[in-house]
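The values are calculated or read from the model by the stated rules, or taken from the named source; none is laboratory data. None of the values given here were measured: they were computed from a predicted structure. Cβ: placed from backbone, ideal geometry, glycine included. Neighbour counts: every protein chain shown.
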Amino acid sequence: MIKRRILFFHGEFPAGGAERVTMDIADFVAQYGYETYVITHQINSGSYSNIKVIEFQGGGDVDSQENADFIIHTLNSLKIDIFILPICLLSRLDFIKSKVDSKLIFACHSTPFWEITARLHRRRGRARGSFFKMLEWGLLTYPKIVWLKKYDSFFINQYKFVYDQVDAFTVLCEEYKQILLNKMGVSLDEQKVHVIYNSERQCPNVNLNKKKQILFVGRMSYYDKRVDRLLDIWGMIYKKVPDWELILVGGGKELPLLQAKSQKMKLQRIRFAGHSDHVDDFYRDASVLCLTSAFEGWPLCLTEAQANGVVPVAFDCVAGIRQILSPSGVNGCLVPSFSLHKYAEMLLSLLMDSEKLQKMRNNVILKSKEYSPEIVGQKWLGLFESLL
């Protein structure tokens with residue numbers, strides 16, 4: 001068996017969902033003679049196998065010439081066959097490509113051109129608390145970004161640059177492929193773009209004897225996660241479901257503000273559990289998971305919930321969420337974006353219908369099997385083999 005070597009580039013490792021997917025890929029392709037390496041600026045504590053981690057020797061600037069030289073040295077000295085870049089848009093990628101024989105893959109772990117949406121919502125977040133700044137956001141910032149598409153050309157050119165350098169470009173669902181190619185003006189028949197879902201590990205013993213718990217799992221961040229919306233929704237319904245509780249798992253800068261908001265609203269049966277390295281404990285008991293994000297790519301909390309028999313509810317704001325939860329009412333609940341009243345109505349209806357909840361619980365467990373590491377791993381293996 002010929003030994004193949006692949007290298008992933010992560011800002012820190014291990015960290016979030018993209019890094020977990022890398023671990024799943026490494027575990028799967030190891031069976032086929034692949035050695036996996038990760039190059040990173042920051043090595044965190046965590047358990048993983050089948051991966052050798054290399055730390056950058058230079059400073060913290062991901063895009064520096066020094067780091068580009070180090071990447072080139074690593075690729076050549078280890079005789080890396082394939083270099084995979086999740087998320088990171090390196091401006092020196094053309095220089096790196098000219099100095100190595102490795103094949104290059106860009107793995108887009110979010111919605112294509114998510115940077116435009118993120119900029120819009122970050123600016124809204126900074127305007128919070130000021131009437132005049134919110135007025136400026138509504139009258140100037142929003143029209144410039146959404147209507148006049150001020151930043152579109154900048155980010156489209158960035159994506160085109162990366163697209164031209166790599167041998168393959170992966171996206172998370174078919175609709176993201178269409179968005180990417182349409183914005184870049186590339187034919188939809190282009191063979192360089194590959195659709196590969198993010199993997200989801202299966203839960204060997206799903207607890208079907210669930211408690212009346214609603215769960216949020218994720219980073220407490222305003223501009224993208226908008227957990228404040230979930231508090232407003234809970235405020236609309238909690239008196240109607242006196243035997244249910246809301247548990248929020250995660251940390252972040254927004255946490256103290258959310259706690260203060262909860263106290264101001266006098267919400268009952270709400271618990272902020274903070275950051276946890278054992279989220280499986282929460283998934284085991286919860287019945288429903290709620291996501292109220294402004295935007296996402298492929299929210300792993302939704303597939304994690306499905307694998308654990310937890311019924312997910314989310315705004316129908318991106319194609320990745322639609323892919324995971326469709327059809328609505330079977331594999332989860334899709335709520336028209338961004339109606340808090342519709343969300344409250346759908347959530348309340350679900351909580352009060354135990355028969356429907358049980359049926360959907362069985363459905364979501366089956367749905368999660370579509371994203372098993374074996375199925376997704378075969379797609380990655382097929383892509384690697386096609387490039388070598």
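For Thr74, the conditions (1) part of a helix (DSSP H, G or I); (2) under 19 Å from Tyr159 (Cα atoms); (3) among the polar types (S, T, N, Q) all hold with the exception of (2).
Of all residues in region 276-301, those satisfying the criterion of being part of a loop (DSSP other than H, G, I, E, B) and of a type in the set (A, V, I, L, M) are Ala286, Ala294.
Let's see how each residue does on (1) of a type in the set (A, V, I, L, M, F, W, C); (2) in contact with a Ser or Thr (Cβ under 9 Å, 6 or more places away or on another chain):
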{"site": "Pro204", "(1), (2)": "no, no"}
{"site": "Gln213", "(1), (2)": "no, yes"}
{"site": "Met236", "(1), (2)": "yes, no"}
{"site": "Val249", "(1), (2)": "yes, yes"}
{"site": "Lys253", "(1), (2)": "no, yes"}
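Taking the conditions (1) surrounded by 22 or more Cβ atoms within 10 Å (Cβ to Cβ); (2) farther than 21 Å from Met352 by Cα in turn, Asp316 satisfies each one other than (1).
Selection of region 46-61 for residues being within 21 Å of the chain's Cα centre (by Cα) and at negative phi yields Ser47, Tyr48.
For Tyr343, the requirement of being over 20 Å from the mean Cα position of the chain (by Cα), surrounded by 15 or more Cβ atoms within 10 Å (Cβ to Cβ) and among the aromatic types (Phe, Trp, Tyr) is met. Among the residues making up region 73-87, those that are more than 16 Å from Trp380 (Cα to Cα) and either surrounded by 15 or more Cβ atoms within 10 Å (Cβ to Cβ) or in contact with a helix residue (DSSP H, G or I) (Cβ under 7 Å, 6 or more places away or on another chain) (or both) are Thr74, Leu75, Leu78, Ile80, Ile87. Filter region 99-117 for residues that are of a type in the set (A, V, I, L, M) and either under 15 Å from the mean Cα position of the chain (by Cα) or on the phi > 0 side of the Ramachandran plot (or both) and give the result. Scanning region 99-117 gives a single hit, Ala107. For region 16-33, the set of residues classified as farther than 19 Å from Glu200 by Cβ and touching a helix residue (DSSP H, G or I) at 6+ places or on another chain (Cβ under 7 Å) consists of Tyr32 only. Here Leu383, Leu357 are screened, and the one residue that is surrounded by 14 or more Cβ atoms within 10 Å (Cβ to Cβ) and either within 14 Å of Val313 (Cβ to Cβ) or basic (Lys, Arg) (or both) is Leu357.
Residue by residue, here is whether (1) under 21 Å from the mean Cα position of the chain (by Cα); (2) of a type in the set (A, V, I, L, M) holds:
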| residue | (1), (2) |
| --- | --- |
| Val195 | yes, yes |
| Ser199 | yes, no |
| Gln213 | no, no |
| Tyr222 | yes, no |
| Lys239 | no, no |
| Pro242 | no, no |
| Lys253 | yes, no |
| Ala273 | no, yes |
| His278 | yes, no |
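Can you find a residue that is surrounded by 21 or more Cβ atoms within 10 Å (Cβ to Cβ), modelled with pLDDT of 95 or more and assigned to a strand (DSSP E or B) anywhere in region 42-59? No; the residues of region 42-59 include none that is surrounded by 21 or more Cβ atoms within 10 Å (Cβ to Cβ), modelled with pLDDT of 95 or more and assigned to a strand (DSSP E or B).
Only one entry in Gln306, Gln358 is within 22 Å of Glu200 (Cβ to Cβ), in contact with a Lys or Arg (Cβ under 8 Å, 6 or more places away or on another chain), assigned to a helix (DSSP H, G or I) and not assigned by TED's automatic domain parsing to the domain that holds Val193, namely Gln306. Of all residues in region 21-41, exactly one satisfies the criterion of being within 20 Å of Lys79 (Cα to Cα), of a type in the set (Phe, Trp, Tyr) and not in a strand (DSSP E or B), namely Tyr32.
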